[in-house]
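In what follows, a structure is listed as structure tokens, so that the remarks can point back to it.
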Amino acid sequence: WTALKTGGTSWRSSAVSPTPPTSSFTNSSVPRNACLRSTMSTSSLSSIKIIFEIDSVREIFSQEEVDEHKMLEIVKRMQRVTLILKLCVDQFLILETMTPLDFMEFRDYLSPASGFQSYQFRLLENKLGVKGELRVRYNQENYSKVFGDEPEVYKAIKTSEEEPSLQNLERGFNFWDKYKLAVDNILDEQLRDAEAEESENLRSYMTGQHKKRREMFNSIFDVRVHNALMARGERRLTHKGLQGALMISFYREEPRFNQPHQLLTLLMDVDSLMTKWRYNHVMLVQRMIGSQQIGTGGSSGYQYLRSTLSDRYKVFLDLFNLSTFLLPRNSVPPLTRQMKYRLSIMEDLDHGKVEMKEVSKLRTHDSSSVTFVSSDSPCPLDNGEEKVFSDSDLDKSLENSMERSCEASM
């Protein structure tokens, strides 16, 4: 994820990097440069894999209706992403074995390349959902201008900005009214406790806290306030997306919400690991060149990198802040019997039983009323049409119904 320039040839996070002329480095500096190059090559390959997995998850979520049975595959792929990111974070331990003097021996040969030129890292940020307007400007320019001399790379960057990101592929739920009622009951009780307080100072403090908390909850109940916060970059999810995430958090113990809740947790893990990667990068730069030197690509170096550690680069910031809006367990709105049934595995099991009964009825029907004949000797029906089903078709249908029932019960 760091662009290197060796012997006049630029290396942009490619799996294959050019070998520098042996005359470019002293005998003592070559091993240290190899340490940097090999570590960054590994990171480059890791980023390719991460992008592939993110794209595959985006593809599943881009469907009009997401197949519930694919949630396990989505969770598995996001777990793979987090494990790869953990390896990338830990690789800084290898780079930190170099001393500042070791790095200084070959730093000049990296100029004018910069980690900012890593288009794979920019692709990853865009596919996750980093907003362009929230980015720190690089030398007062849009980040994509760095890739202006490479049309294919520039086009890929722009395409990734326009495509739906992982953060935008969300689904909403309708439980808002009951949740709002539960919140109002809690806040009304807090207000009564504050007004009943005898101490004027304590009563004033409790009343102020109640007012702040009501304003906080109003920011998620009032769509206009929520949209205003999104416009300022303080919220990421749409109003419906936030509702869905809250419902999953409240009812995560329901069978059908187990895997969605795991996915929300993994998305936060991705954000945390990306932030840890940035932090380790900042610390490594400060260790090697201090906080005042200019970066090899012309940026302010440490000062610029430090600015990327803010919340503006957190894609799933709202998921971290969900805890602000959680309620005590005894105040969580109870699910209706119908809703609890729909979130259980019983609905799929019952649906499978119905299908199996229908197939059984077909098989026990009188031959004069069935619409299938033996596949070995095709015969036309009374109305002149060809056969519709065969014995093997019925066996296959029965097997498929049993498989769906088994999958639903897992």
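A search for C-beta distances below 7 Å between a residue of segment 148-174 that is on the phi < 0 side of the Ramachandran plot and aromatic (F, W, Y) and any residue that is at pLDDT below 90 and surrounded by fewer than 15 Cβ atoms within 10 Å (Cβ to Cβ), counting only pairs 6+ apart in sequence or on different chains, returns Y154/G148. Scanning segment 31-76 for residues that are touching a residue at least 60 places away in the same chain (Cβ under 8 Å), over 13 Å from the mean Cα position of the chain (by Cα) and assigned to a helix (DSSP H, G or I) gives R32, N33, C35, L36, S44, S47, I48, E68, H69, M71, L72. Of all residues in segment 83-104, exactly one satisfies the criterion of being open to solvent by less than 50 Å² (accessible area, probe 1.4 Å), at pLDDT 90 or above and out of contact with any Ser or Thr (no Cβ under 9 Å at 6 or more places or on another chain), namely V89.
Out of curiosity, is F257 over 24 Å from T82 (Cβ atoms), in contact with a Phe, Trp or Tyr (Cβ under 9 Å, 6 or more places away or on another chain) and touching a residue at least 24 places away in the same chain (Cβ under 8 Å)? For F257, the condition - over 24 Å from T82 (Cβ atoms), in contact with a Phe, Trp or Tyr (Cβ under 9 Å, 6 or more places away or on another chain) and touching a residue at least 24 places away in the same chain (Cβ under 8 Å) - is not met. The criterion of at least 3 residues that are open to solvent by 30 Å² or more (accessible area, probe 1.4 Å) and of a type outside the set (A, V, I, L, M) is met, among helices (runs of 4 or more DSSP H) falling completely within segment 195-259, by 200-221. Can you find a residue that is open to solvent by less than 70 Å² (accessible area, probe 1.4 Å) and either of a type in the set (K, R) or part of a loop (DSSP other than H, G, I, E, B) (or both) anywhere in segment 318-325? No, that holds for no residue. Among the residues making up segment 134-161, those that are in a loop (DSSP other than H, G, I, E, B) and open to solvent by 40 Å² or more (accessible area, probe 1.4 Å) are R137, N139, Q140, N142, G148, D149, E150. Checked against the criteria, S17 does not count as at pLDDT 70 or above and either surrounded by 15 or more Cβ atoms within 10 Å (Cβ to Cβ) or not hydrophobic (A, V, I, L, M, F, W, C) (or both).
Remark: Q293 matches the filter, which requires a residue to be of a type in the set (S, T, N, Q), open to solvent by 50 Å² or more (accessible area, probe 1.4 Å) and at pLDDT below 85. When the criteria are applied in full, S310 fails the requirement of being of a type outside the set (K, R), under 21 Å from the mean Cα position of the chain (by Cα) and under 30 Å from E73 (Cα atoms).
Just one of the listed residues (N27, N33) is at pLDDT below 85 and either open to solvent by less than 60 Å² (accessible area, probe 1.4 Å) or under 21 Å from M283 (Cβ atoms) (or both), and it is N33.
The values are calculated or read from the model by the stated rules, or taken from the named source; none is laboratory data. Note that the structure is predicted; figures quoted are calculated from it, not measured. A quick note on method: Cβ atoms are made from the backbone with ideal geometry, for glycine too, and the neighbour counts reach across all protein chains shown. Ligands, DNA and RNA are excluded from the accessible area calculation, which covers all protein heavy atoms including side chains. Shrake-Rupley method; radii C 1.70, N 1.55, O 1.52, S 1.80 Å.
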